[in-house]
Amino acid sequence: MSKIRFLLTSLTLGLTASFAAAQNPTELRMTWYDDGNEGQVLRDLLDRFEAENPDISVVVDTVPYSSGILEALPLQLASGQGPDMARVTDLGGLSEYFLDLRPFVADPGYWETNFGPFLGWMRPEGSDALPGLMTQLTVTGPFVNKTLFDQAGVALPEGDTTWEEWAELSRQVAEATETFPMVMDRSGHRLAGPAISEGAAFFNAEGAPALDDEGFRQMMQLMTDWHADGTMLPDVWVGSGGEYAAGNEQFVNAQVVFYMSGSWQISQFAETIGDAFDWVAVPNPCGPAGCTGMPGGAALVGIEGTEHPEEVARVIDYLATEPVQSEFYARTLFIPGHVGLAESGVDYETDSELTTAALETFSTEVAKLSPIAYDLQGYPYNRVVFDTVRDRLTQVFTGELTLDDAIARMQSDVDDGVAEAQRGE
């Protein structure tokens, strides 16, 4: 009887503990931003996880990309007030705050095999950490409003097309349709691919950032000329208040012919534009050194300061599984940052020929990316480079600086910013 009473007591205590865990789960907070519908898809996946793991609850705090991710999150992390998990794009710059999931995940080998090419972007130098997974692999590149081309009677170019040729064609279409020729996201990252195509090296022989070369100057001069003559819509770079700004709203509203952004816009355009007009992703324009965009993407990472590292790892390890990854990419219309799915393919959930064609175009662009573009994306202080190029070039557009002065100050800003970041490590 004593043995039976002991077993019953143990069973009761176990059930009570399980009930208590279900009633009072560990709450994890995730800082997130959306480009398209990915937040909704994530929530569906997390609801499924929570049903299978009632001891964990995940609260997703969705914030604006610029103010929430680029500005507020780094300050929160530096002060030790960050969330348990976050979706980030400054992978190298914030790597010191990332949790190493390796001790907690079920199969580190699976992670190395399927996320290995991108782990180096988010690892501290010399580390073999598993900080997180890519929520999307992105490639920068342009979209055009083909309907405006058709209305203007201008044919889309075929084969390699230079930046200067695209600018001229866009001006012709804009004049005929009373729109603006071109817009580019106000981002040094977006501008880097065109600069590399023109011949910018971005690094010297010792691997340190070096901006002042002929190719870099050529692209900065083109951007300056295009803002001066009205080829580029001024609102985004000049009228943004000094921060990151995108040109997607103007493109969605059919106000511009040519929009330089990237693959993350596909899901949004499928929803916001639909079949209102024919929007087409086109290959990156060419320069003397190539026809490259920039790789990139967003990663979901654990934050080192979390009080619940094992629970964080359980959530991210679940989201990393191939079936979950496959569903996430199929529904979000993102290029997969998962090697296995990149090789086997994703059965995207779309009936739109425009969407399918855009995904195919950007997937093809991956193979054309310059090694310099990969090096720059993996550089831990690339945010210093991107931001000063963006801000100093804007001062040229507004007449505050000459291009020569701006490039000199870019280099000085980068040297000082990298030195300061290295002192803080």
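Values in this text are rule-based calculations from the coordinates and carry no lab data. Since this is a predicted model, take the numbers as computed values, not measurements. Cβ coordinates were reconstructed from backbone atoms using ideal geometry, including for glycine residues, and neighbour counts include every protein chain displayed.
Coupling constants for the range 382-394 follow from the phi torsions by the Karplus curve (6.51 cos²θ - 1.76 cosθ + 1.60, θ = phi - 60°), and in residue order they are 5, 5, 4, 5, 4, 6, 6, 4, 4, 6, 5, 5, 4 Hz; glycine and proline get x. Among the GluC sites (Glu not before Pro) in the range 329-372, which ones are in a DSSP loop with at most 16 other Cβ atoms within 10 Å of the Cβ? Mind listing them? Answer by residue number: Glu349. The share of C-alpha pairs in the range 140-255 whose separation exceeds 22 Å stands at 37 percent.
Here's how it looks for Arg29: its modeled amide H is under 5 Å from those of Val59, Asp84, Met85, which are all 5 or more places away or on a different chain.
Hey, what D do you get for the range 19-86 in µm²/s if you plug the Kirkwood alpha-carbon radius into Stokes-Einstein at 4 °C and 1.567 mPa s? My calculation gives 99 µm²/s for D. In this entry, the range 130-188 is assigned a mean projected area of 6.3 nm², taken as a quarter of its C-alpha convex hull surface. Within the chain, the proportion of Cα pairs with more than 27 Å between them is 54 percent. Sites listed here are GluC sites (Glu not before Pro) in the range 52-132 whose DSSP assignment is loop and whose Cβ has at most 16 other Cβ atoms within 10 Å: Glu125. Each Lys and Arg contributes +1 and each Asp and Glu -1, all at the Cβ; summed about the Cα centre of the range 228-346, the dipole is approximately 320 debye.
What's log10 of I(q)/I(0) for the range 198-271 at q = 0.18, 0.20 Å⁻¹, Debye sum over Cα points only, no solvent? Calculated log10 I(q)/I(0) at the listed q: -0.91, -1.00. For the range 284-333, taking Cα atoms only, Rg and Dmax work out to 17.3, 52 Å respectively.
Counted over the chain, the DSSP beta bridges are approximately 60% antiparallel. Identify the trypsin sites (Lys or Arg not before Pro) of the range 172-257 meeting these criteria: DSSP loop state and at most 10 other C-beta atoms within 10 Å of the C-beta. Within the range 172-257, no trypsin sites (Lys or Arg not before Pro) qualify (loop, at most 10 other Cβ atoms within 10 Å). For the range 248-390, the relative contact order works out to 33 percent when only alpha carbon pairs closer than 8 Å and six or more residues apart are counted. The mean of 1/r over all distinct Cα pairs in the range 185-228, once inverted, gives the Kirkwood hydrodynamic radius of 10.8 Å. Whole-Hz Karplus values for the range 114-129 come out as 9, 10, x, x, 10, 5, x, 5, 10, 8, x, 4, x, 9, 10, 4 Hz, taken residue by residue from phi with 6.51 cos²θ - 1.76 cosθ + 1.60 and θ = phi - 60°; glycine and proline positions read x.
Using the Kirkwood radius over C-alpha pairs as Rh, can you work out the diffusion coefficient of the range 327-378 via Stokes-Einstein at 4 °C, viscosity 1.567 mPa s, in µm² per second? For the chosen part, D equals 106 µm²/s.
The angle between the Cα long axis of helix 214-229 and the main principal axis of the chain comes to about 70°, on a 0 to 90 degree scale. Normalised by the number of residues in the chain, the mean separation of alpha-carbon contacts (under 8 Å, six or more apart) gives a relative contact order of 24 percent.
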